[in-house]
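A quick write-up on the structure given underneath.
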Amino acid sequence: MSEGDSVGDSIHGKPSTIGRFFTRLGQIYQSWLDKSTPFSIVRWGVTLLLTAIYMIRVYILQGWYIVTYALGIYHLNLFIAFLSPKVDPSLLDDGDEGPSLPTKQNEEFRPFIRRLPEFKFWHSATKGIVIAMICTFFEAFNVPVFWPILVMYFIMLFCITMKRQIKHMVKYRYLPFTHGKRTYRVVVCDPQPNLPPSSLSEPITLEDT
């Protein structure tokens, strides 16, 4: 088979060797992600470890501050999406139609649905750290900048953004955490509490009169 025939086969639907390799690699990666889903503490521990390694590397190299600033802005956006509800209550403020969050104790409980779920938040944050780590190996991303200005600007932006988010939470009376929600306990009652255990196994006979 000539080279043109193999290229034609790959174009007309037959996957090439490189395509099969990356497909298999993606399947393995997704399988590991699925297995790590229930281990939230371990996942976030690994993310914090990667963050510490990245910060130590930036401190030793004394550079790549603009990459660190971009990483901080990216993580801040992820955190705001993690704290925000999936459906913005301000969009439902025109009328009484549509779902709303409970505001009284005797109202029906509705679980808080995040705009960005916890697993996607962790996955995106970890990918951002890994990409920032890779950028520190390339001198092209080491843009000279006065880093105290970036720190001050990031602190100011963080305070303004969190203040706006807290005002939004207070206005529409919702909490982005499930701690302290009401829980219910199922109690199984004995249908015949007065009967002795032996009577349940004895047959019942009827006498003729």
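A compact table of results
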| quantity | calculated |
| --- | --- |
| Condition check for PRO99: loosely packed, with under 11 Cβ neighbours inside 10 Å, at pLDDT 90 or above and either of a type in the set (Asp, Glu) or outside any helix (DSSP H, G or I) (or both) | no |
| Long-range neighbours under 6 Å by Cβ, at least six apart or interchain, first residue under 15 Å from SER124 (Cβ atoms) within the stretch 21-43, second among the polar types (S, T, N, Q) and surrounded by 10 or more Cβ atoms within 10 Å (Cβ to Cβ) | ARG43/SER36 |
| Breaking point among (1) closer than 30 Å to LEU175 by Cβ; (2) open to solvent by 40 Å² or more (accessible area, probe 1.4 Å); (3) aliphatic (A, V, I, L, M), for LEU78 | (2) |
| Output for the stretch 136-166, where each listed residue is in contact with a Ser or Thr (Cβ under 9 Å, 6 or more places away or on another chain) and open to solvent by 90 Å² or more (accessible area, probe 1.4 Å) | TRP147 |
| Residues that are over 27 Å from the mean Cα position of the chain (by Cα) and in contact (Cβ under 8 Å) with a residue 40 or more places away in the chain, drawn from the stretch 47-69 | LEU61, GLY63, TRP64 |
| Complete set of residues in the stretch 32-65 that are closer than 30 Å to HIS168 by Cβ, open to solvent by less than 90 Å² (accessible area, probe 1.4 Å) and part of a helix (DSSP H, G or I) | SER40, ARG43, TRP44, THR47, THR51 |
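The values are calculated or read from the model by the stated rules, or taken from the named source; none is laboratory data. Here the structure is a predicted model, which is why all the values come from computation and not from measurement. Every residue, glycine among them, receives a Cβ derived from its backbone with ideal geometry; neighbour counts consider all protein chains shown. Please note that ligands, DNA and RNA were not included when accessible areas were found on the heavy atoms of the full protein model with its side chains. Shrake-Rupley method; radii C 1.70, N 1.55, O 1.52, S 1.80 Å.
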